[in-house]
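In what follows, a structure is listed as structure tokens, so that the remarks can point back to it.
FYI, it's all coordinate maths here, none of it is from the lab. Just so it is clear, the structure is predicted and the values come from calculations on it, not from any experiment. As a convention, Cβ positions derive from the backbone with ideal geometry for all residues, glycine included, and neighbour counts pool all protein chains shown.
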Protein chains: 2
Amino acid sequence: MTKAEIQLIRSLADKRGRAEHGLFVAEGEKLIGELRASHLGVRKIFALEGVFRGPEVETVTARDMERLSLLKTANTSLALVEIPRYELRPRELAGRLTLALDDVQNPGNLGTIIRLADWFGIADVVCSEGSADCFNPKVVQATMGAIVRVRVHYTDLPRFLEAAAHELPVYGTLLEGENIYRAPLTEAGVVVMGNEGRGISDAAARTLTRKLFIPPWPADRHGSESLNVAMATGIVCAEFRRRADARPE
Amino acid sequence: MTKAEIQLIRSLADKRGRAEHGLFVAEGEKLIGELRASHLGVRKIFALEGVFRGPEVETVTARDMERLSLLKTANTSLALVEIPRYELRPRELAGRLTLALDDVQNPGNLGTIIRLADWFGIADVVCSEGSADCFNPKVVQATMGAIVRVRVHYTDLPRFLEAAAHELPVYGTLLEGENIYRAPLTEAGVVVMGNEGRGISDAAARTLTRKLFIPPWPADRHGSESLNVAMATGIVCAEFRRRADARPE
């Protein structure tokens, strides 16, 4: 473990450092194991003795791990992983359910949403440029390995949605939307979720085919806090999948 | 602001201190405003100049607020609030949807679940003695004010559920449960959610009328991480309320 490597890892805590080096940091045996078994390129692993074997593995002490770790509590292992580059054309959305995030800012929310996408069999999450970075160490850890299976894209979101709306319905959850349980939902589509405070931007809202709302109980009640964006995403995904499952084949 | 008050506030970071003094700490203008308008007893408020008025308000400096705060980032105000004592007999559950938590440990999860209960019009959350304490400062803040409206109880959970099962159905989510979307659900009932790692304990599982499972997509897929307990609670509550709403009057 060289000083340059320590500096490199520190620099990967920031988006700029990650962009410069094309690498992100993953920590923990389970996550790194999943990364190694995936299509992603694991360039180097620092690990306590006996945790991993291979030409890219360097054994370090527990004290070294504490110096290297970007998390509050150091793990048994830390990997440098190549940031994957994915492409997604609106035409490829056909037949599939896809999530779009309009400036979701909180790393924990983004991580939870990527994990949800994995659970609900959603292959792609398309983010606006202003969204949290999915290779932020906090997001990577919060995905619990889902980052290996879900492709996260960053793009000019309103433009992407405009193109997508030519191919299939684009849904979004807004306070003025209709009751999701009474709205017709298609099996394939794009579902847009908005920023924690501001919701969906006007530019993205203009592209929506249908506006949805998760009703509180009782439905005409007011004054209570709204649902957190990750929670709303989970409930919306569950409802889309429930409908698809209930559909006659 | 006396030294004794600073010590008192510090002691309220721990469950023992809260039990001893019968008080908990709430921070922030919005939350304290909601507490003052509620049935809860707000004993004292420390606040920056101009934030609150009243005989129980003491104006302090920003520096004092930083010393007092139990949170990472100090707020404009901090209140000492009397811990409410609620009673709930199984007979009172009739006609209502109630949540039961079997050793949910993470304060963030508990806070999110209390917030969900508020959204979905669930008046009572019944916790096992081993669950996180709802008056932990992290939980209080995570509820975003819902702690004012939702009654949280601590009790011998298996015993409570056994008594409840004589009154109405007791549901629980388990890996071996049936697809929640295909299971008959009643409007009233108790829904049990389990510990983050171990799920529902055997003692609580024995009381269940019906075991439910939120299917991933596709439903026969394996190997992916399970849903977080707060997320699962949100999806289950949404499904119970959707069914009740779809029922003919």
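Data overview
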{"quantity": "Virtual spin-label span in nm between B:R43 and A:A246, 7 Å along Cα→Cβ", "calculated": "5.0"}
{"quantity": "Chain A, relative contact order [Cα under 8 Å, separation at least 6], %", "calculated": "18"}
{"quantity": "Folded to 0 to 90 degrees: helix A:107-119 orientation relative to chain A principal axis, Cα", "calculated": "70"}
{"quantity": "Kirkwood estimate for chain A, i.e. one over the average of 1/r between Cα atoms, Å", "calculated": "19.3"}
{"quantity": "Pseudo-label separations to other copies for A:A219 - Cα-to-Cβ vector, 7 Å, nm", "calculated": "2.6"}
{"quantity": "Fluctuation leader among A:Y181, A:Y86, A:Y171 - chain A, Gaussian network, Cα springs under 10 angstrom", "calculated": "A:Y86"}
{"quantity": "Ascending list, in nanometres, of distances separating the B:E56 label from those of the other copies (7 Å, Cα toward Cβ)", "calculated": "5.9"}
{"quantity": "Sparse-neighbourhood loop sites, GluC sites (Glu not before Pro) in the stretch A:1-84 - DSSP loop, at most 11 other Cβ within 10 angstrom", "calculated": "A:E49"}
{"quantity": "Hull shadow area, averaged, the stretch A:73-215 [alpha-carbon convex hull, nm²]", "calculated": "9.1"}
{"quantity": "Alpha carbon centroid spacing (whole Å) that separates the stretch B:185-249 from the stretch A:86-126", "calculated": "24"}
{"quantity": "Which of B:H153, B:H39 has the fewest Cβ neighbours within 10 Å, and the rest in rising order", "calculated": "B:H39, B:H153"}
{"quantity": "Zero-based 5 Å bins, Cα pair distances in the stretch B:1-132, whole percents", "calculated": "2, 9, 16, 20, 20, 14, 9, 6, 3, 1, 0"}
{"quantity": "Compactness of the stretch B:29-94 - radius of gyration and Dmax, Cα, Å", "calculated": "15.2, 50"}
{"quantity": "Stretch in chain B that is longest and holds no trypsin sites (Lys or Arg not before Pro) that DSSP places in a loop and that have at most 15 other beta carbons within 10 Å", "calculated": "B:97-181"}
{"quantity": "Inter-site label distance for A:M1 and B:R198 at 7 Å from Cα along Cβ, in nm", "calculated": "3.4"}
{"quantity": "Whole-number percent relative contact order across the stretch A:36-140, with pairs defined as alpha carbons under 8 Å at least 6 apart", "calculated": "23"}
{"quantity": "Kirkwood Rh and Cα Rg combined as Rg/Rh, the stretch A:155-202", "calculated": "0.97"}
{"quantity": "Scattering curve values for the stretch A:7-60, log₁₀ I(q)/I(0), Debye with Cα scatterers, q = 0.24 Å⁻¹", "calculated": "-1.03"}
{"quantity": "Cα-centred dipole magnitude for the protein assembly as shown, charges only on beta-carbon of K, R (+1) and D, E (-1), debye, nearest 20", "calculated": "100"}
{"quantity": "Percent of Cα pairs exceeding the 44 Å cut-off, where the set is the protein assembly as shown", "calculated": "18"}
{"quantity": "Relative pair counts by distance (%), Cα atoms of the stretch A:197-239, 10 Å bins", "calculated": "20, 51, 28, 0"}
{"quantity": "Selected from A:L70, A:L12, A:L227 as most flexible by GNM, with chain A as the system and alpha-carbon contacts under 10 Å", "calculated": "A:L227"}
{"quantity": "Residue-averaged [θ]222 nm for chain A, counting only DSSP H segments that reach four residues, each worth -39500 (n - 2.57)", "calculated": "-9000 deg cm²/dmol"}
{"quantity": "Distances in nm from A:E29 to the matching label points in the other copies, shortest first (labels 7 Å along Cα to Cβ)", "calculated": "5.0"}
{"quantity": "Förster radius 22 Å - calculated FRET efficiency between B:R85 and B:E20 (Cβ-Cβ, nearest 0.05)", "calculated": "0.90"}
{"quantity": "Length-normalised contact order for the stretch B:15-64 - Cα pairs under 8 Å, 6+ apart - percent", "calculated": "23"}
{"quantity": "Reachable lysines from B:K138, criterion Cα separation under 21 angstrom, eight or more residues apart if same chain", "calculated": "A:K72, A:K138, B:K15, B:K30, B:K44, B:K72"}
{"quantity": "Calculated from backbone phi, Karplus (6.51, -1.76, 1.60) coupling profile of the stretch A:197-202 in Hz, x at Gly/Pro", "calculated": "x, 8, x, 7, 5, 4"}
{"quantity": "Spatial separation of Cα centroids for the stretch A:163-180 and the stretch A:46-70, in angstrom", "calculated": "47"}
{"quantity": "DSSP beta bridge pairing in chain B, given as percent antiparallel to the nearest 5", "calculated": "30"}
